[in-house]
Amino acid sequence: MSIVMQHADILLILACVFGFFMAWGVGANDVANAMGTSVGSKAITIRQAIVIAMIFEFAGAWLAGGEVTSTIRKGIVDPSIFTGHPELLVYGMLAALLAAGTWLMIATHYGWPVSTTHSIVGAIVGFASVGISPDAVQWGKVGTIALSWVTSPLLSGIIGFLLFVSVQKLIFDAKDPFANAKRYVPVYIFLVGFLVAMVTMIKGLKHIGLDLSTQLSTAIAALIGIAMAILGAWLERRIHRGQSGGKMQIASVERIFALLMMFTACAMAFAHGSNDVANAVGPLAAVVSVVSNAGTVGASANMPVWVLLLGGMGIVAGLAMYGHKVIATVGNNITELTPSRGFAATLATAATVVIASGTGLPISTTHTLVGAVLGVGLARGIAALNLRVIGSIFASWLVTLPAGATLAIIFFFILKLTFGTEFEY
């Protein structure tokens, strides 16, 4: 009897525990991508953010999290290498889940918004290169992912900067900011509806077998954008002008942007849950597939419904228990956000994700969001940025890959010593 079948039950239990732990880390750290700007801009409270994210993050993970996923996240490792010794793949995926979850817990404790994708990729690279062979790793893929450290924040930062400057020029610098807000905000609402719909269809619906063409996705997203603009214009009529001039009128304008933030928070949470749950359940599905198929290693694995359920529950638990740490960093500690600034950052994030998905540009959602917030802050001058916090965030990004790799190597050899192996490289 093979080692995998001999210890099948305990390996499955460990996979579920470690997968839930990793999903918990995704919820605790990465959910700030969807919620941080809304909370920081005071558009919603932290409690409202938790409720919204619980509903839409879970819905995204559950409804659009994927029927089929690659067993080796992002194609970092060639599955055929493990054909003769599937137990090493199981140990590696378990080690990767535990390592990435541990690093996310450490980063969250310090309020560092790090990439969950980079965490799990670093962990897989670590166990595969040291525990198996350096030749087992597709180093070209790793280099492409590392490139996203620069491309993600740079692109979203530029878009965020330009968006906020446009809001400032068209609305806040006008003689009648409230009237101009009524005139131009429906245009911004259209952009939000269009881009977030594109994000959801590109990142989410393809996982449930609804793989729409680019043209059809664009047309549907445009119709959703138009519908949202009409709805937004109708809701605007309920917001009344403050006192002529002064802070009261500006507050009325910000209330209009707060409406936008409610929608973007819900939509981005759904898109995030549908995409990033794979970071936790992908390796878990790999272990389930190997054990269920009596040690046979395949290039892909069917995604059982209960695996998505476990991932969704883990994301929600992590957010509710520890998500406030990173939400505070993104929403409050990088730069001061208002609903209009938070809107610009969120829209820049959505635009960057759509551009990257259409062009194949590698990005990190976390890096994209932070870059957008930086761009919005920079539009008000360098003094508006907390450079100490920004420095610690950048340092945590650089450490993420090696930290995940180091922890995974340690956990891999512990598991290998505990359960043994039938084959030595």
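Derivation of every value follows stated rules applied to the coordinates shown; laboratory data play no part. Since we're looking at a predicted model, the values are computed, not measured. When we count neighbours, we look across all protein chains shown, and the Cβ atoms used for this are built from the backbone with ideal geometry, even at glycine.
Brief remarks follow.
- Amide hydrogen proximity for residue 338: with H placed 1.01 Å from N in the peptide plane, no residue at 5 or more positions away or on another chain lies under 5 Å.
- Cα-based helix-to-principal-axis angle, 214-236 vs the chain, degrees rounded to 10: 40
- Angle in degrees between helix 8-25 and the longest Cα principal axis of the chain, rounded to the nearest 10: 20
- 3J(HN,Hα) along the stretch 51-62, derived from phi through the Karplus expression 6.51 cos²θ - 1.76 cosθ + 1.60 where θ = phi - 60°, amounts to 5, 4, 5, 4, 6, 7, 5, 5, 4, x, 5, 7 Hz, with x in place of Gly and Pro.
- Lys, Arg +1 and Asp, Glu -1 on Cβ, resulting dipole of the chain about Cα centre, debye, nearest 20: 1740
- Peptide packing for 390-398, 251-259, 334-342 was compared via the average number of neighbouring C-beta atoms within 10 Å per residue; ordered from the highest value, the list is 334-342, 251-259, 390-398.
- Here the 3J(HN,Hα) profile of the stretch 158-169, calculated from phi with Karplus coefficients 6.51, -1.76 and 1.60 at θ = phi - 60°, is 5, 5, x, 4, 5, 5, 5, 4, 5, 4, 4, 6 Hz, Gly and Pro shown as x.
- Helical runs assigned H by DSSP (4 residues or longer) give the chain a calculated mean residue ellipticity at 222 nm of -24000 deg cm²/dmol, each run adding -39500 (n - 2.57) before division by the residue total.
- Angle in degrees between helix 177-203 and the longest Cα principal axis of the chain, rounded to the nearest 10: 20
- Remark on residue 364: its backbone amide H falls under 5 Å from those of 152, a criterion applied only to residues 5 or more positions apart or on other chains, H modelled at 1.01 Å from N.
- Once both labels are positioned 7 Å from their Cα atoms along Cα-to-Cβ, the gap between residue 230 and residue 154 label points is 4.2 nm.
- Integer Hz, Karplus 6.51/-1.76/1.60 couplings in order for the stretch 285-293, x for Gly and Pro: 4, 4, 5, 4, 5, 5, 5, 5, 9
- Shown is the FRET efficiency for residue 48 and residue 418, computed with R0 = 45 Å from the Cβ-Cβ distance and rounded to the nearest 0.05: 0.50.
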